[in-house]
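Reviewing the structure listed below.
The values are calculated or read from the model by the stated rules, or taken from the named source; none is laboratory data. Quick caveat, the model's predicted, so the values are computed rather than measured. Heads up, the Cβs are rebuilt from the backbone with ideal geometry, glycines too, and the neighbour counts pull from every protein chain shown.
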Amino acid sequence: MFDANTTITIGLRTAAGKADITVRWPTDEEWGAHRRRRKILQRQLGRGATETEIDSSEADAKLYESIKLNGAPPLSVAEAGRIVDTIATTDVLGVDLHAEDAEVQLNTLMGEVKHTVRIPMMDEVKALQRSTRLISLQYNRSEIRTNLESAAALWDKCGGRAEGYAGAVPNIHKDVAIRAVIAAIEQEALPKYDEANF
């Protein structure tokens, strides 16, 4: 059962030795600010190849400072990143598409949960994709900016409901669930080729 009000203790090996770090679950506003601070840089390597680099070090450090509890020690940027990565871990276990809706099984830090949403219409998918910003930079680089709020709003608009939560569903999980459904319907729409022709 996922409960955003539960404190989380993570055993971490730091420069000072092994420590039990206690944190609380971030609010939706804190997760949103973290996503906006995170930098996703894409570099064109030529011949259609790209390289993507995610730099969330500053965002991770700020988020850790706001959620640490019980005198948790100061951490290096990398150590704070490990804490944030651990609590944010949300794996998609499966997506079942039905005629009108979709079910998404997620594995979270506190166990498995299930989301059910109406399958979004193409106009809604396009609107979500337009909320992602691609900013051109020097030296064949681009910065990609995404936000949780747009994905969470689409989850809500699609009548999202979830099982396995003791309280409200966090926006970060809504984001993962709705994007998993979109990836599944896009995969479903790919043309099917007759293997006999190859």
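Assorted remarks:
- Filtering region 45-60 to residues that are outside any loop (DSSP other than H, G, I, E, B) and farther than 23 Å from Arg133 by Cβ leaves only Gly46.
- Tabulated pairs, region 68-79, first at negative phi, second assigned to a loop (DSSP other than H, G, I, E, B) and among the hydroxyl-bearing types (Ser, Thr, Tyr), C-beta under 8 angstrom, 6+ apart or interchain: Leu69/Thr7
- Of residues in region 48-71 being at pLDDT below 90 and among the hydrophobic types (A, V, I, L, M, F, W, C), the one surrounded by the fewest Cβ atoms within 10 Å (Cβ to Cβ): Ala49
- Region 76-89, residues that are surrounded by fewer than 18 Cβ atoms within 10 Å (Cβ to Cβ) and β-branched (Val, Ile, Thr): Val77, Thr86, Thr89
- Matching residues, region 1-44, being part of a strand (DSSP E or B) and under 17 Å from Ser150 (Cβ atoms): Ile40
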